1. Return yes or no: is G61 loosely packed, with under 15 Cβ neighbours inside 10 Å, in the same structural domain as F30 (by TED's automatic domain parsing) and not hydroxyl-bearing (S, T, Y)?
2. What number of residues within segment 227-254 are out of contact with any strand residue (DSSP E or B) (no Cβ under 9 Å at 6 or more places or on another chain) and modelled with pLDDT of 90 or more?
3. Could you identify the single residue in V97, V106 that is in the same structural domain as N190 (by TED's automatic domain parsing) and surrounded by 20 or more Cβ atoms within 10 Å (Cβ to Cβ)?
4. Go through segment 258-306 and give me each residue that's surrounded by 16 or more Cβ atoms within 10 Å (Cβ to Cβ), of a type in the set (D, E, K, R) and outside any strand (DSSP E or B).
5. Scan segment 157-180 for residues that are among the charged types (D, E, K, R) and not in a helix (DSSP H, G or I) and jot them down.
6. On the basis of being on the phi > 0 side of the Ramachandran plot and either in a helix (DSSP H, G or I) or not hydroxyl-bearing (S, T, Y) (or both), does G86 make the cut?
7. Kindly establish whether R117 is of a type in the set (K, R), buried (at least 16 other Cβ atoms within 10 Å of the Cβ) and either part of a helix (DSSP H, G or I) or at pLDDT below 95 (or both).
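The values are calculated or read from the model by the stated rules, or taken from the named source; none is laboratory data. The structure presented is a predicted model; accordingly, all values stated were derived computationally and were not measured. No Cβ is skipped: glycine too gets one built from the backbone with ideal geometry, and neighbour counts run over all protein chains shown.
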Amino acid sequence: MIETQGLTKRFGDLTAVNSVTLGVGEGEVFGLLGPNGAGKTTTMRMLSCLVSKSEGMATVGGYDIGRASDAEKIRGLIGVLPESAGLYEDLSARKNVEYYGKIHGVAQNRRDANIERLLKRLGLWDQRDTAVGSFSKGTKQKVAIARALVHDPKVVFLDEPTANLDPESSKTIRDVILELKRDGRTVFFNTHNLDEAQRVCDRVGIIKGRLLAVDSPARLGNLERHRRTAFQLERLDGDTVAAVKRARGGGVEARGDTLYVDVEDPLRDNPEIVQVLTKAGGRVVYVTDLSSGLEAAYLRLVGESR
């Protein structure tokens, strides 16, 4: 459904996206992960025909993003949640979504049904006639998501879809993404949230200007051995920290009363570290495994690209 070969974007002397090659299948949920300035938004904007490419090629639904006649067809095929919601603040939630349904030529009966279904699904139906200017950032984000879906697009581009949302609303958006997948739609979204990516993505790409890796979250995570564990103590002193550093040889960081330790095998290493802490007089309150395998892969790849 989405294919790129050597896709590149330059802004003057700055290469924001450097020769990205990937393919996203029909009905796949694909997450693009990377730090700020890594090229995630620029990649999405090229694919949705909002900015032109500098080099390479890309197709969406078989249409070429670099061909003007195809760009119009792509815009009718896709739904886009941009990094900024860009809503009409004086219009109600319903009117904002309705306006974009009209732009896409959705018939009134279908449009009205879609608006009701989406606003109810996103928990906005009771606020449907309220001007969005009075909404919180998170609620505006949900209106913008409804707007992106009102015309039943085959491909959905979402730029940080759960930004500014509380945990309950974030779960709602994740459920919507999975519903889109069940409907056979292709979802391409940017996120900083690695846990979110693991929950909903079939595959992820890690980008830092260039594409560093593409695979399923599980397979990327399984390549990593180094993880991080947090040991919270009643009181952490210098002698206790020194004892762990002697035992581990490195990868130890103290913040307040919590000690962060890099480990290879949590099941093997965590009990040994607890034993060292206890022997040094520390009283352990909590032990928390912080790093998923995907997080470890992400941190390594991004770090190595610097």
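1. Taking the combined requirement at face value, the residue does not satisfy it.
2. Residues meeting the conditions: 7.
3. V97
4. The answer is D269, E295, R300.
5. Scanning segment 157-180 gives D159, E160, D166.
6. Judged against the criteria, G86 is a match.
7. Considered against the rule, which asks whether it is of a type in the set (K, R), buried (at least 16 other Cβ atoms within 10 Å of the Cβ) and either part of a helix (DSSP H, G or I) or at pLDDT below 95 (or both), R117 comes out as no.
Every residue, every condition in (1) out of contact with any helix residue (DSSP H, G or I) (no Cβ under 7 Å at 6 or more places or on another chain); (2) of a type in the set (S, T, N, Q); (3) surrounded by fewer than 22 Cβ atoms within 10 Å (Cβ to Cβ), yes or no:
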{"position": "W125", "(1), (2), (3)": "no, no, yes"}
{"position": "K142", "(1), (2), (3)": "no, no, no"}
{"position": "E160", "(1), (2), (3)": "yes, no, yes"}
{"position": "R174", "(1), (2), (3)": "no, no, yes"}
{"position": "E179", "(1), (2), (3)": "yes, no, yes"}
{"position": "T229", "(1), (2), (3)": "no, yes, yes"}
